[in-house]
Amino acid sequence: MSTSPVAPGRLWWLAAGFAVWCSALVILYAVHAIGCAFAWSAGSLRLTLVVLFFAHLAAIGWMWHRLGPGPGSGPTGMFLHTTVVWTLIAAVVTVVFTLGATLVLAVCV
């Protein structure tokens, strides 16, 4: 039973979801701080945060849609695919859990 090895580029998918989470964390809190520092109106700041939040969720959704088993999907390839799918699910949950509160709390206190 000879299967082709999994391409090394496929390993980047393991970190992709949490890279988007990291980007969301930095960008949302930076925009929040900038908006408060420059006294943006609460409505426009909240709208900007919501748009950025959903843009990051859409990026993770796009990655999930784009992910395929790939060539050489033997046992190792299938294991990698399953692991990447679950890390993307964990990234979505993490984005919602850690950043969802920024959308419902008081904007600038």
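The values are calculated or read from the model by the stated rules, or taken from the named source; none is laboratory data. What you are looking at is a predicted structure, and each value in this text was computed from that prediction instead of being measured. No Cβ is skipped: glycine too gets one built from the backbone with ideal geometry, and neighbour counts run over all protein chains shown.
The criterion of at least 2 residues that are at pLDDT 90 or above is met by the following helices (runs of 4 or more DSSP H) wholly inside the range 35-109: 42-66, 75-99.
Of the residues making up the range 28-53, those that are under 19 Å from the mean Cα position of the chain (by Cα) and surrounded by 16 or more Cβ atoms within 10 Å (Cβ to Cβ) are Leu28, Val31, His32, Thr48, Leu49, Leu52, Phe53.
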